[in-house]
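Student: Submitted below is the structure of interest, expressed as structure tokens.
The values are calculated or read from the model by the stated rules, or taken from the named source; none is laboratory data. What you are looking at is a predicted structure, and each value in this text was computed from that prediction instead of being measured. We place every Cβ from the backbone using ideal geometry, glycine too, and count neighbours over all the protein chains shown.
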Amino acid sequence: MNMVEPRHFSGLRGKLALDAPLSKYTSWRAGGGADIVYTPADRDDLASFLRQLPIFERVTAIGLGSNTLIRDGGVRGAVVLMHDPGGVLAVADGLIYAEAGVACPKLARFAAVHDCGEAEFLAGIPGTVGGALAMNGGCYGGETWSYVAKVETLKRDGSFSVRTPADYTIGYRSVTRADGRALSELFTAAWFRFPAGNRSGARDKIRELLARRLATQPLDLPNAGSVFRNPPGDHAARLIESAGLKGYAVGGAHVSEKHANFIVNPERSASAADIEALILHMQQIVAAKTGITLEPEVRIIGEAAAA
Ligand SMILES: Cc1cc2nc3c(=O)[nH]c(=O)nc-3n(C[C@H](O)[C@H](O)[C@H](O)COP(=O)(O)OP(=O)(O)OC[C@H]3O[C@@H](n4cnc5c(N)ncnc54)[C@H](O)[C@@H]3O)c2cc1C
């Protein structure tokens with residue numbers, strides 16, 4: 001039962017909703033909601049929300065929900081929706097400053113226009129800067145943290161800190177605190193150091209990378225990108241395809257015919273339970289046929305629906 005009521009908060013400028021659905025905030029267009037959903041007006045408003053939220057309530061960030069499966073029973077505590085189409089992007093002291101709610105493709109284009117190189121890979125990651133920081137998002141040889149000079153973070157008590165890459169252990173699609181423990185703070189902004197490039201070269205490269213994606217990924221259907229991490233020296237998609245799983249379905253969730261490491265929800269009818277059952281099935285069949293246990297790259301959160 002929800003213990004929080006709107007009267008617990010004052011002076012907030014964002015949008016507060018209780019027992020609210022979240023499927024439209026995930027790229028799979030599936031899954032449950034959360035007890036409390038807050039869309040902050042800006043970073044100071046988010047800090048104010050956290051300071052007023054009863055301390056026993058857990059907080060989960062969602063950016064563009066492009067790597068997240070929320071189980072059908074929903075998330076206990078508060079979800080903060082971080083995507084901010086008006087989020088600040090700026091050039092400062094030779095670095096590019098981006099608020100966490102900015103979409104990665106927008107950062108890629110901003111970097112190109114400012115004659116920076118090597119940010120083009122971000123154009124194909126349909127998430128936020130915050131999500132890319134939490135996941136160390138990357139593709140085509142580029143990874144988010146290779147270009148991070150520093151980040152701004154927000155603690156559960158509503159206080160800000162500035163941290164550097166040395167404060168984290170960074171790996172393939174993985175970021176933890178330096179001591180290996182899970183991240184406990186939200187990312188609210190980052191300063192990136194990209195090498196000098198040129199805008200027309202960067203624009204051409206973005207166009208080329210997007211065309212490559214369009215040709216190989218089912219971008220017209222709800223999906224969450226690669227479901228599994230690539231195992232060392234191999235590709236999850238190759239293993240799934242060789243196990244004969246392309247097109248296999250559980251309820252409304254299907255292994256994409258176009259890219260075997262994608263699960264699509266073509267009719268928008270899949271439950272999170274369908275998607276999770278399909279993930280488990282793919283894992284089991286690939287393990288039985290190849291001896292390799294695929295590890296999910298997507299984050300699965302929340303509780304199963306009550307039986
Ligand atoms: C078509 C498609 C293609 C994709 N291609 C790629 C690719 O090439 N490379 C790649 O790496 N990924 C890819 N992805 C996956 C996804 O886009 C990335 O993982 C992206 O970085 C997730 O960002 P998000 O804002 O959507 O995060 P969400 O899914 O909203 O969240 C992901 C995780 O980050 C955490 N998080 C989000 N925001 C914050 C924050 N501000 N502070 C702290 N934690 C936060 C969440 O709690 C969650 O644990 C693809 C997805 C799709 C749908």
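Student: Are any residues in the stretch 192-244 farther than 27 Å from Arg109 by Cβ, among the charged types (D, E, K, R) and part of a loop (DSSP other than H, G, I, E, B), and if so, which ones? It would help to see each step written out before you state the result.
Tutor: Filtering the stretch 192-244 for residues farther than 27 Å from Arg109 by Cβ gives 227-244.
Next, from what is left, pick out any that are among the charged types (D, E, K, R): 229, 234, 238, 241.
Correct list: Arg229, Asp234.
Student: Enumerate the pairs (first residue in the stretch 139-153 and under 12 Å from Ala119 (Cβ atoms); second residue anywhere and within 8 Å of the ligand (Cβ to nearest atom) and assigned to a strand (DSSP E or B)) with beta-carbon separation below 9 Å, excluding pairs fewer than 6 apart on the same chain, so at least 6 apart or on different chains.
Tutor: Correct list of pairs: Thr144/Gly138; Ser146/Gly138.
Student: Continuing with this model, one more query. Please go through the stretch 254-288 and give me each residue that is over 20 Å from Leu219 (Cα atoms) and in contact with an Asp or Glu (Cβ under 6 Å, 6 or more places away or on another chain), ordered by number.
Tutor: Matches in the stretch 254-288: Ala273 only.
Let's see how each residue does on (1) part of a strand (DSSP E or B); (2) at pLDDT below 95; (3) of a type in the set (D, E, K, R):
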residue	(1), (2), (3)
Val79	yes, no, no
Gly86	no, no, no
Lys106	no, no, yes
Glu152	yes, no, yes
Asp157	no, no, yes
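Student: Can you report the number of residues in the stretch 125-148 which are of a type outside the set (Val, Ile, Thr) and either at pLDDT below 95 or part of a strand (DSSP E or B) (or both)? Spell out how you get there, then give the answer.
Tutor: Residues of the stretch 125-148 that are of a type outside the set (Val, Ile, Thr), as a first pass: 126-127, 130-143, 145-147.
Checking which are either at pLDDT below 95 or part of a strand (DSSP E or B) (or both) leaves us with 138-143.
So the count comes out to 6.
Student: Determine if the stretch 18-39 includes at least one residue that is in contact with a strand residue (DSSP E or B) (Cβ under 6 Å, 6 or more places away or on another chain), at pLDDT 95 or above and among the basic types (Lys, Arg).
Tutor: no
Student: Next up: Under the condition of being basic (Lys, Arg) and within 16 Å of the ligand (Cβ to nearest atom), which residue from the stretch 263-307 is surrounded by the fewest Cβ atoms within 10 Å (Cβ to Cβ)? Give the steps one after another, and end with the answer.
Tutor: Going through the stretch 263-307, the residues basic (Lys, Arg) turn out to be 268, 289, 299.
Still in the running and within 16 Å of the ligand (Cβ to nearest atom): 268, 299.
Details: Arg268: 13, Arg299: 16.
Top of the filtered list is Arg268.
Student: While we're here: State which residue is nearest to the chain's Cα centre (by Cα) when the search covers only the stretch 108-124 and only residues that are surrounded by fewer than 22 Cβ atoms within 10 Å (Cβ to Cβ) and assigned to a loop (DSSP other than H, G, I, E, B).
Tutor: Top of the filtered list is Glu118.
Student: Ok, one more. In the stretch 217-251, which residues are among the small types (Gly, Ala, Ser) and free of Cβ contacts under 8 Å to residues at least 60 places away in the same chain?
Tutor: Residues of the stretch 217-251 that are among the small types (Gly, Ala, Ser), as a first pass: 224-226, 233, 236-237, 242-244, 247, 249, 251.
Correct list: Gly233, Ala236, Ala237, Ser242, Ala243, Gly244, Gly247, Ala249, Gly251.
Student: What residue, among those in the stretch 52-77 that are of a type in the set (A, V, I, L, M) and part of a loop (DSSP other than H, G, I, E, B), is surrounded by the fewest Cβ atoms within 10 Å (Cβ to Cβ)? Reasoning before the result, please.
Tutor: Step one: filter the stretch 52-77 for residues of a type in the set (A, V, I, L, M), giving 53, 55, 59, 61-62, 64, 69-70, 75.
Keeping just the survivors that are part of a loop (DSSP other than H, G, I, E, B) gives 53, 55, 64.
Details: Leu53: 21, Ile55: 8, Leu64: 21.
That would be Ile55.
Student: Test of understanding: among Phe9, Phe49, Phe56, which residue is within 27 Å of Ala306 (Cα to Cα) and of a type outside the set (Gly, Ala, Ser)?
Tutor: Values: Phe9 fails: within 27 Å of Ala306 (Cα to Cα); Phe49 fails: within 27 Å of Ala306 (Cα to Cα).
After ruling out the rest, the residue left standing is Phe56.
Student: Just for the stretch 89-104: of the residues that are touching a residue at least 24 places away in the same chain (Cβ under 8 Å) and in a loop (DSSP other than H, G, I, E, B), which one is farthest from the ligand (Cβ to nearest atom)? Spell out the reasoning first.
Tutor: Step one: of the stretch 89-104, the residues touching a residue at least 24 places away in the same chain (Cβ under 8 Å) are 92, 94-104.
With the extra rule that they be in a loop (DSSP other than H, G, I, E, B), the set shrinks to 94, 100-102.
On the way: Gly94: 24, Ala100: 4, Gly101: 7, Val102: 10 Å.
By that ranking, first place goes to Gly94.
Student: Select from the stretch 162-181 the residues that are in contact with a Lys or Arg (Cβ under 7 Å, 6 or more places away or on another chain) and under 18 Å from Glu99 (Cα atoms) and list them in ascending order.
Tutor: Matches in the stretch 162-181: Val162, Arg163, Thr164.
Student: Looking at the stretch 48-87, which of its residues are more than 19 Å from Leu107 (Cβ to Cβ), hydrophobic (A, V, I, L, M, F, W, C) and either within 13 Å of the ligand (Cβ to nearest atom) or within 19 Å of the chain's Cα centre (by Cα) (or both)?
Tutor: Here is the first cut: in the stretch 48-87, the residues more than 19 Å from Leu107 (Cβ to Cβ) are 48-60, 68-80.
Those left that are additionally hydrophobic (A, V, I, L, M, F, W, C): 49-50, 53, 55-56, 59, 69-70, 75, 78-80.
Across the stretch 48-87, the qualifying residues are Leu50, Val59, Leu69, Ile70, Val75, Ala78, Val79, Val80.
Student: Also, I was wondering about something else. Does Ser27 meet the test of being over 15 Å from Val79 (Cβ atoms), within 16 Å of the ligand (Cβ to nearest atom), surrounded by 15 or more Cβ atoms within 10 Å (Cβ to Cβ) and not aliphatic (A, V, I, L, M)? Please lay out each step first, then the result.
Tutor: Details: over 15 Å from Val79 (Cβ atoms): yes; within 16 Å of the ligand (Cβ to nearest atom): yes; surrounded by 15 or more Cβ atoms within 10 Å (Cβ to Cβ): yes; not aliphatic (A, V, I, L, M): yes.
Here the answer is yes, as Ser27 does meet what is asked.
Student: Here's a follow-up. Is it fair to say Gly158 is within 24 Å of Phe56 (Cβ to Cβ), surrounded by fewer than 18 Cβ atoms within 10 Å (Cβ to Cβ) and more than 12 Å from the ligand (Cβ to nearest atom)?
Tutor: On the way: within 24 Å of Phe56 (Cβ to Cβ): yes; surrounded by fewer than 18 Cβ atoms within 10 Å (Cβ to Cβ): yes; more than 12 Å from the ligand (Cβ to nearest atom): yes.
For Gly158, the condition - within 24 Å of Phe56 (Cβ to Cβ), surrounded by fewer than 18 Cβ atoms within 10 Å (Cβ to Cβ) and more than 12 Å from the ligand (Cβ to nearest atom) - is met.
Student: Considering Ser226, Ser184, which residue is within 23 Å of Ala100 (Cβ to Cβ), touching a helix residue (DSSP H, G or I) at 6+ places or on another chain (Cβ under 7 Å) and within 13 Å of the ligand (Cβ to nearest atom)? Working first, answer last.
Tutor: Working: Ser184 fails: touching a helix residue (DSSP H, G or I) at 6+ places or on another chain (Cβ under 7 Å).
None of the others qualify; the one that does is Ser226.
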